[in-house]
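Here the structure comes first, spelled out in structure tokens, and everything after it is commentary.
The values are calculated or read from the model by the stated rules, or taken from the named source; none is laboratory data. Owing to the predicted nature of the structure, the values given are computational and were not obtained by experimental measurement. Using ideal geometry, Cβ is built from the backbone for each residue, glycine included, and neighbour counts are taken over all protein chains shown. The accessibility values were calculated without ligands, DNA or RNA, using every heavy atom of the protein model including side chains. Shrake-Rupley method; radii C 1.70, N 1.55, O 1.52, S 1.80 Å.
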Amino acid sequence: SYTHKRWTLLKPFLKTHFEAAVAACSPSRKRGEGGGGRGGGRGGGDAPALARTGAVVLARICQLESQLYNDFFGPPSPARPEEEEEDEDATPLHTTSSSSSSSSVPRPYRSSSQEYYESGALSQLLRGLCLLLHDVLRPLVIQEVFDSYGQKCNHRFLLNYGFAVENNREADGFCPNEVPLDFALRETDPLYSRKLPCWSRDGQSKVKRLRLCVADNENMRAAFSLLRVMVANEEELVRMLGPGNMFKTARDITYPVSLRNEERVLQTLLAKLTDALSAYPTRLEDDQAALACQDDPSLRPFSNRRHALIQVRGEKEVLSAFRALCATALTLLEVSDAVFKEAVNGLYSESNFFTANYCSDILYRLRQEEQRRLGAAAAQRAERVNLSKPTIV
């Protein structure tokens, strides 16, 4: 069609023109020129100037395109009054047969393309041209405003501001992305009635939702505390909620109770994480590949679908990190001390501090307590007097 041909001609020119204008005020150029100002040398402060220049260019192009389009497809223009009032005696300086008959030559499109003229094709063409400038300016505007947003999860960026940060990490490597998980007691638990007062003492509902990120923070400690109550047997529950601890809530069990209890905690959390990941229609690897691919036009930078996919990918990354922690910790529960230390040192060397800190702190303490308990029980058995064979003194 006509508008498609015009689009293929104008798009490369305008795109190259706008990208060259952005490159002219890139961060490296600004630093080289000693540029400063409110944008901090990032080029964000030049966004208004680029918008004004681009708008002027687009306005002129849209005006010319409208005139050309109307000349081909629009209705005939009425004669201007000033032309009708011209002096009849005035004659042109140069008169030729071709010029005198040009006004009477019919325009073939005008009589046959009224429907095309009214179809809105021109509006679609002009809108596409304006979006070229929009796509170039939007990253500059977002970069400029992002400085004042602060540390937030991508779900908060998407909900409040309509975009997600693709690499949402702080300078120290911390990622504030979060994922919600629900925790609740099993009503079929034989100890349900004894656990319920502790579970409900904080005044919240029976189903407790926590937003977890990849960090040893208050929510992570609260999640493990709730899980320790959920999987506790009678002996462990007495240790948690004995006479000296009767006013504790389920969130206050921040210390590990026993090796058996912590193993059940890791198994329960691993199953919960696996179920949460399986509820997504795609895998984390699929999302990463889709974001890396540049062939899908629906995932172009700053598109709504791309922002949504970035948010979902962030949730899966958090779930996968916790799942890796659980799987690693379960394999290190009963290995030898030498293997345990080697594995933890390997986690630190890989910069996997999230899993390494849990293993070196919680698991190491539990392993030491379990070894002392087993040693004391063995010594007690060795010292026990055998009454079936009395000794005569």
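Scanning segment 170-209 for residues that are more than 23 Å from Cys153 (Cβ to Cβ) and among the β-branched types (Val, Ile, Thr) yields a single hit, Thr188.
In this structure, is Tyr255 without any contact (Cβ under 8 Å) to a residue 12 or more places away in the chain and not acidic (Asp, Glu)? Before the answer, list the steps.
Values: without any contact (Cβ under 8 Å) to a residue 12 or more places away in the chain: yes; not acidic (Asp, Glu): yes.
In short, yes.
Of all positions in segment 30-37, none carries a residue that is farther than 17 Å from Gly120 by Cα, at pLDDT 85 or above, open to solvent by 70 Å² or more (accessible area, probe 1.4 Å) and in a helix (DSSP H, G or I). Annotation note: Cβ proximity below 9 Å between a residue of segment 335-359 that is farther than 13 Å from Leu325 by Cα and a residue that is surrounded by 15 or more Cβ atoms within 10 Å (Cβ to Cβ) and of a type in the set (D, E, K, R) (sequence gap 6+ or interchain) occurs for Asp337/Arg367; Phe340/Arg367.
Considering the conditions (1) farther than 26 Å from Ser205 by Cβ; (2) among the aliphatic types (A, V, I, L, M); (3) part of a loop (DSSP other than H, G, I, E, B), Val312 is excluded by exactly one of them, (3). So which residues in segment 153-172 are open to solvent by less than 50 Å² (accessible area, probe 1.4 Å) and either at pLDDT below 85 or part of a loop (DSSP other than H, G, I, E, B) (or both)? Cys153, Gly162, Phe163, Ala164, Val165, Asn168 - these are the residues of segment 153-172 that are open to solvent by less than 50 Å² (accessible area, probe 1.4 Å) and either at pLDDT below 85 or part of a loop (DSSP other than H, G, I, E, B) (or both). Filtered by the rule that a residue be buried (at least 18 other Cβ atoms within 10 Å of the Cβ) and in a strand (DSSP E or B), segment 211-256 gives a lone residue, Leu212. Exactly one residue out of Leu277, Leu319 is within 30 Å of Arg186 (Cβ to Cβ), buried (at least 19 other Cβ atoms within 10 Å of the Cβ) and out of contact with any Asp or Glu (no Cβ under 7 Å at 6 or more places or on another chain), and it is Leu319.
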